[in-house]
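Participant: Handing you a structure now.
The values are calculated or read from the model by the stated rules, or taken from the named source; none is laboratory data. As the structure is a prediction and not an experimental result, all values here were calculated from the model. Heads up, the Cβs are rebuilt from the backbone with ideal geometry, glycines too, and the neighbour counts pull from every protein chain shown.
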Amino acid sequence: MLRRLLLALAVCASLVLAPGITPSAEAAPKKPAKVTKVRATTNTTSLRIRWKRPKGVKVVSVCVATSPKAKRCVRSVRTRKTVITFRKLRASAGTDYYYRLRAHRGGRSSVTPWRRANLKVGKGPANQPATRAGAILHYSWGRATNATSYQLQVSPSRSFRAGVRTEGRTGRTARLTGLNGGMAYFARVRGVNGSVKGPWGPVTRIKVVTAPARIAVATYNLCGDNKCRTSDSGAWFLRNVPAWSVRKPLAGALARAAKPDIVVAQEASTKAAFHTELSGFSRGAYKSARSIYYKRSRYTSLDGGWMTLDDRGKRFATWNLLRDRRTGTAFYIVNAHLEPYKGAKLDRLRSTQTGRLIRRIQALNTHGLPVVWAGDWNSNKSNANQDAYPGGYDAPRKRFAAIDVVNSVEQTANRTNADLNSANAGIKAPRRSGDHVDAIYVPKRGVTVESWSMLANFLEGPEGREYATPFPSDHNPLVARLVVSSG
């Protein structure tokens, strides 16, 4: 009996000493862990949310609101699932929705931070291009689902990898200026909502047709490096064609008298500095004394470069893609200097050099723009004189004829000094066989030749008209006044 009493007292004492250890305390729920691996996907009208439910949690509630500070949910659900889709949602400017998930266990819960969710923007609409006068394109398009603004991309490349212009608009029209007449442009539109950009819409193509551009092109071999003056030159030649320092102002005055817009010059090295004689001109492409100069008030250079025509002979050509500022018409200007001297073997070499030039310019000219081919070709009709040069032929002329390109002197009746040879050889009495080693070639279609002229300084001598000395160069400059169409 006494033993039982002592045992009862011990149990009571333990309960007093450890009051926290009770059956009800052991059953109280713990705060649940937060929902993890939350990820959301959207389309243009719905939000789908997935998650991993914490261990011991059976119910998760989801709240979708328009702002983290919103006092109520625009959509909410309490579910035992791990995925839920909210449908028939509407986009707004900026962030469309915020959402968070709350894990529940008993009367306790834990909640995730707010996360952003943006509905997708629908596929870009089709666009309608139209041309306007003055190298201007006008675009209009329809609506894209959920878009609050639009991006228009325009490029001369179908792949949109080069020359891309991206224009943002809140409306559904765009007017683009500064385009290049003769080029085709590709365009596409997509919708934008804040940071969300929709997929691009269909691609359209339109060619910009502008008013014809009038240009005056001169080609001039300057002997600016004094290469025409050699140890084999006769004393009379050295007197008539003195050093470049003497001839440079004479050559400049003669070139300016032609009033050209573009001057392509051969034997015009950096050291020769012929640009100092051409006020208002910029030098474009340059390589190995082949220089292109253009009047900067008239033209913008869109591109330019040089190419090798013959490694062994160190023969090169330069080119520029120019845009006429008045009309927007774009065209190529080419400057070549081929192998000199006559004979069948050299004609074949010039044929190879001209063929390479044509192929490489054509590879550049993906839009089929007009090309003006100027330079010292070191070839003319006398090469085909079989009595003097068996097997010889005018190689550049033949190569160009195959692509419907002709010598500009043949395309107009308005000609000056066409009977004179373009290479004067430093001889005072003009040679009158009309053999032009220098030439300006133009396509039969797309370019009209208004006039052609050969410039020189003359005086009246005992035998009639003769060249004045000293000569500016052993070549005379040629000038062709052209009308270039954009197609």
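Participant: For region 93-129, enumerate the residues that are β-branched (Val, Ile, Thr) and either under 28 Å from residue 150 (Cβ atoms) or part of a strand (DSSP E or B) (or both). Write out each step before concluding.
Facilitator: So the first thing to find is which residues in region 93-129 are β-branched (Val, Ile, Thr), and the list is 95, 111-112, 121.
Selection gives 95, 111, 121.
Participant: For region 63-80, check the following and say yes or no: at least one residue is over 30 Å from residue 323 (Cβ atoms), outside the structural domain of residue 178 (by TED's automatic domain parsing) and in contact (Cβ under 8 Å) with a residue 60 or more places away in the chain.
Facilitator: Narrowing region 63-80 to residues over 30 Å from residue 323 (Cβ atoms): 63-80.
Okay, now just the ones that are also outside the structural domain of residue 178 (by TED's automatic domain parsing), so 63-80.
If we keep only those that are in contact (Cβ under 8 Å) with a residue 60 or more places away in the chain too, we end up with none.
For region 63-80, residues over 30 Å from residue 323 (Cβ atoms), outside the structural domain of residue 178 (by TED's automatic domain parsing) and in contact (Cβ under 8 Å) with a residue 60 or more places away in the chain: absent.
Participant: Yes or no: region 255-263 includes at least one residue that is touching a residue at least 60 places away in the same chain (Cβ under 8 Å), touching an Asp or Glu at 6+ places or on another chain (Cβ under 8 Å) and part of a helix (DSSP H, G or I).
Facilitator: yes
Participant: Does residue 301 satisfy the criteria of being surrounded by fewer than 21 Cβ atoms within 10 Å (Cβ to Cβ) and hydroxyl-bearing (Ser, Thr, Tyr)? Spell out the reasoning first.
Facilitator: Numbers: surrounded by fewer than 21 Cβ atoms within 10 Å (Cβ to Cβ): yes; hydroxyl-bearing (Ser, Thr, Tyr): yes.
Considered against the rule, which asks whether it is surrounded by fewer than 21 Cβ atoms within 10 Å (Cβ to Cβ) and hydroxyl-bearing (Ser, Thr, Tyr), residue 301 comes out as yes.
Participant: On to the next question. Could you grab me the full set of residues in region 322-367 that are part of a loop (DSSP other than H, G, I, E, B) and over 16 Å from the mean Cα position of the chain (by Cα)? Show your work before the answer.
Facilitator: Here is the first cut: in region 322-367, the residues part of a loop (DSSP other than H, G, I, E, B) are 325-328, 338-343, 365-367.
Matches in region 322-367: 325, 326, 327, 338, 339, 340, 341, 342, 343.
Participant: Can you give me the ranges of the strands (runs of 3 or more DSSP E) entirely in region 160-238 with at least 3 residues that are at pLDDT 95 or above and crowded, with 16+ Cβ neighbours inside 10 Å? Explain how you work it out, then say what you get.
Facilitator: Numbers: elements: 165-169, 173-176, 184-193, 204-207, 213-221.
Qualifying strands (runs of 3 or more DSSP E): 184-193, 213-221.
Participant: From the list 425, 401, 418, pick out the single residue that is hydrophobic (A, V, I, L, M, F, W, C) and more than 18 Å from residue 254 (Cβ to Cβ). Before you say what the answer is, go through the steps one by one.
Facilitator: Values: 425 fails: more than 18 Å from residue 254 (Cβ to Cβ); 418 fails: more than 18 Å from residue 254 (Cβ to Cβ).
401 is the lone residue from the list that is hydrophobic (A, V, I, L, M, F, W, C) and more than 18 Å from residue 254 (Cβ to Cβ).
Participant: Based on this model, can you work out whether residue 249 counts as over 18 Å from the mean Cα position of the chain (by Cα) and assigned to a loop (DSSP other than H, G, I, E, B)?
Facilitator: Values: over 18 Å from the mean Cα position of the chain (by Cα): yes; assigned to a loop (DSSP other than H, G, I, E, B): no.
Considered against the rule, which asks whether it is over 18 Å from the mean Cα position of the chain (by Cα) and assigned to a loop (DSSP other than H, G, I, E, B), residue 249 comes out as no.
Participant: Restricting attention to region 239-259, and to residues there that are charged (D, E, K, R) and closer than 30 Å to residue 330 by Cβ, which single residue is surrounded by the fewest Cβ atoms within 10 Å (Cβ to Cβ)?
Facilitator: Of all residues in region 239-259, those charged (D, E, K, R) come to 239, 247-248, 256, 259.
Applying the additional criterion that residues be closer than 30 Å to residue 330 by Cβ yields 256, 259.
Numbers: 256: 15, 259: 11.
Selected residue: 259.
Participant: Give me the pairs: first residue in region 435-451 and outside the structural domain of residue 338 (by TED's automatic domain parsing), second residue surrounded by 23 or more Cβ atoms within 10 Å (Cβ to Cβ), beta-carbon distance under 9 Å, and six or more apart or on different chains, which are they?
Facilitator: Listed by first residue and then by second, the contacts come to nothing, as the list is empty.
Participant: Please state which of the following conditions residue 211 fails to meet, knowing it meets all the rest: (1) within 28 Å of residue 158 (Cβ to Cβ); (2) in contact with a strand residue (DSSP E or B) (Cβ under 6 Å, 6 or more places away or on another chain).
Facilitator: Result: residue 211 passes all but (2).
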